[in-house]
Amino acid sequence: MIDAIKNFFKGYVDFSGRSTRPDYWWIWLANIILSIPFYMVYASAMANPNSEAALMALGLIGFVYLIFGLALFLPGLALTVRRLRDAGFHWALIFVAFIPFVGGIALMVLLAMPSKD
């Protein structure tokens with residue numbers, strides 16, 4: 001997992017090359033694990049949205065999550081393009097995610113395909 005994270009940040013905006021399935025899915029798992037505390041604070045603040053402390057927590061967590069998302073947007077996009085290329089698909093298939101209802105699932109299926117030589 002540590003090697004996948006190193007490779008992720010080393011290829012920050014590298015849209016060329018390839019990324020293996022483990023490289024892609026370890027980053028996906030790390031993103032989920034890092035997001036859990038944000039969601040926990042958000043849920044606890046929403047349990048009592050009328051308190052001043054809850055509103056401050058919501059604002060702070062929203063700002064931190066925004067920075068987190070912006071910092072990982074480009075490398076995540078580059079990682080997805082590299083993963084599609086490694087699976088033997090054209091990079092433009094990343095736009096499949098914009099198809100309502102099924103696009104995200106279809107893209108995940110493409111990203112889960114084995115590597116092609």
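Computed quantities for the displayed model
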item	result
Charge sum, other residues only, whose C-beta stays under 14 Å from His90's C-beta, Lys/Arg counted +1 and Asp/Glu -1	+4
Where Rh is the Kirkwood radius over Cα pairs, Rg/Rh for the chain	1.07
Helix-only [θ]222 nm of the chain, DSSP H runs n ≥ 4, -39500 (n - 2.57) each, per residue, nearest 500	-23500 deg cm²/dmol
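Just so you know, all these numbers are worked out from the coordinates, no wet-lab data involved. If you're wondering where the values come from, they're calculated on a predicted model, not measured in any experiment. As a convention, Cβ positions derive from the backbone with ideal geometry for all residues, glycine included, and neighbour counts pool all protein chains shown.
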